[in-house]
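Okay, structure first, notes after.
Quick note: the coordinates plus some simple rules give every number you see, no bench work behind them. A quick note: this is a predicted structure, and the numbers were derived from the prediction, not measured. Here the Cβ positions follow ideal geometry from the backbone for every residue, glycine too, while neighbour counts run over all protein chains shown.
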Amino acid sequence: MTPSLEVELCGVRLPTPVLAASGCFGFGREMASFLDLAQIGAVVTKSVSLEPRRGRPTPRMAETPSGMLNAIGLQNPGVEAFCREDLPVLGDAGARVVASVVGRSVEEFAQVAGRLARERAVHLIEVNLSCPNVDSRGEVFAADPGMAAMVVRTVKDVARQPLLAKLTADVTDLVAVARAVVDAGADGLTLINTLLGMAVDVRRLRPKLAAVTGGLSGPAIRPIAVRCVWQVARAMPEVPIVGAGGVVTGEDAAELLLAGAVAVQVGTANFITPRATAEVAEGLRAYLESQRLTSVTELPALLKADP
Ligand SMILES: Cc1cc2nc3c(=O)[nH]c(=O)nc-3n(C[C@H](O)[C@H](O)[C@H](O)COP(=O)(O)O)c2cc1C
C-alpha cells in the first residue's frame, strides 16, 4: 500500500506535509510551470506588509558552506496588490495558501491581517515575527516574548484564519517565546526562520552583502531547526509545529517530523530546483515505504530517546 502523506494543520487538510517556505517561492506564479501548485502541501507566500517595500541594496545573496546568506529585506508589493494580483493566481491554481504577514509595528501587522481576513483563498496566516533583515534590529519581534505575544494577540483579534507564529532560533530561550505566542492565541508555530550571519570577501576586504549581515539558510542550519522543533515539541506536545531549515531531501523532512513537527517547509532548496517541494514529498513517501509505515502522521511519535 502506498503510504499516505495527508496531514491536518490547524484544521486545514493538506495533501502532503511539505510546504514551500516564505520568500523562496515568490507568490507561486513563476513556479507553476515546474510543478502543480494544487499537489504540494501549501504555498507560504513571501511576507507582505501594508505598503510596498523595495528591499535592500545589492548584493543581497552570498553562498556559504552548505547554505546561503540573504538580505532581501522583505521586498513585496504590499497587501492590496497581493490580494488583487497574486492571490487569485494561487486560488485559481487550487493551491492551499499560507499568507505570511509582516509589519513595522503591532498596528501594521493587524492592518495586514485584517485585510487578509476578507480573502477566502487564504487558508492560514503565518505571522513573520523573526526576519532579521529589516532596517532596524528593533523590528525582530520574536526576540522578545512580550512583543511577540502582543503582535499575535492583536492579529488574532482581527484574523479569520488560523495563525502560525514564525519564530527565530536567535534567542536564548526559544520555549519561553513559543509559550508566550501560544498563550496569546497562536494556533501553531513555524520553526525556524533564517539565523543572522555575516560573510567577508577577504580579497576585496568587504562584507559580501551590501547590508553587511543577512539571514543564513540551507542545510547548514538543519541541526538547529531539528533541535528547536524537538525542544518546543517536548515542552508543548499539543501545539502543531511546522519545521523549516535545510530540508533538501525526503529524509531531511523525516528528521524534522521525527523531532515532533507535523509539517515541514522547503526554502533554499527551491533555488537549486524549483521542483524541490514536490521532490521532497516524493522522497518522504519513499522513506515511509522503506520504514513500512502507512501514514506520515505516525512519524512524530516514533523518535526513540537513546541514540
Ligand atoms: C531568499 C530568502 C528569502 C526569505 N524571505 C522570507 C520572508 O519573506 N519571510 C519569512 O518568514 N521567511 C523568509 N525566509 C526564510 C525561509 O522561509 C525559511 O524559514 C528559512 O530559509 C529556513 O529554511 P531553508 O533552510 O529551507 O531555506 C527567506 C529565506 C530566503 C533564503
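Dimensions of the chain along the principal axes, based on C-alpha atoms and rounded to the nearest Å, stand at 51, 51, 42, largest first. Does segment 1-60 classify as rounded, prolate or oblate by the C-alpha gyration tensor (a ≥ b ≥ c root eigenvalues; a/c under 1.5 gives rounded; else a/b over b/c gives prolate, otherwise oblate)? Prolate, because a/c is 1.5 or more and a/b exceeds b/c.
Every Cα-Cα pair of segment 171-276 was included, and the share exceeding 17 Å stands at 57 percent.
Report the antiparallel proportion of the DSSP beta bridges in the chain as a percent, rounded to a multiple of 5.
About 40 percent, rounded to the nearest 5.
Each 5 Å bin from zero holds the following percent of Cα-Cα pairs in segment 242-298: 5, 22, 32, 25, 12, 5, 0. Using the Kirkwood radius over Cα pairs, work out the Stokes-Einstein diffusion coefficient for segment 37-141 at 20 °C and 1.002 mPa s, in µm²/s as a whole number. So the translational diffusion coefficient is about 147 µm²/s. With helices defined as uninterrupted DSSP H runs, which ones in the chain have an alpha carbon span along their own long axis of at least 18 Å and mean Kyte-Doolittle hydropathy of at least -1.0? Qualifying helices: 145-158, 222-235, 276-290. Using the Cβ-Cβ distance between Ala117 and Met198 with R0 = 30 Å, the FRET efficiency computed as 1/(1 + (r/R0)^6) comes to roughly 0.20.
For an R0 of 45 angstrom, estimate the FRET efficiency from the Cβ-Cβ distance between Arg160 and Ser290 and round to the nearest 0.05.
Numbers: r = 41 Å, r/R0 = 0.91.
That pair, Arg160 with Ser290, gives E of 0.65.
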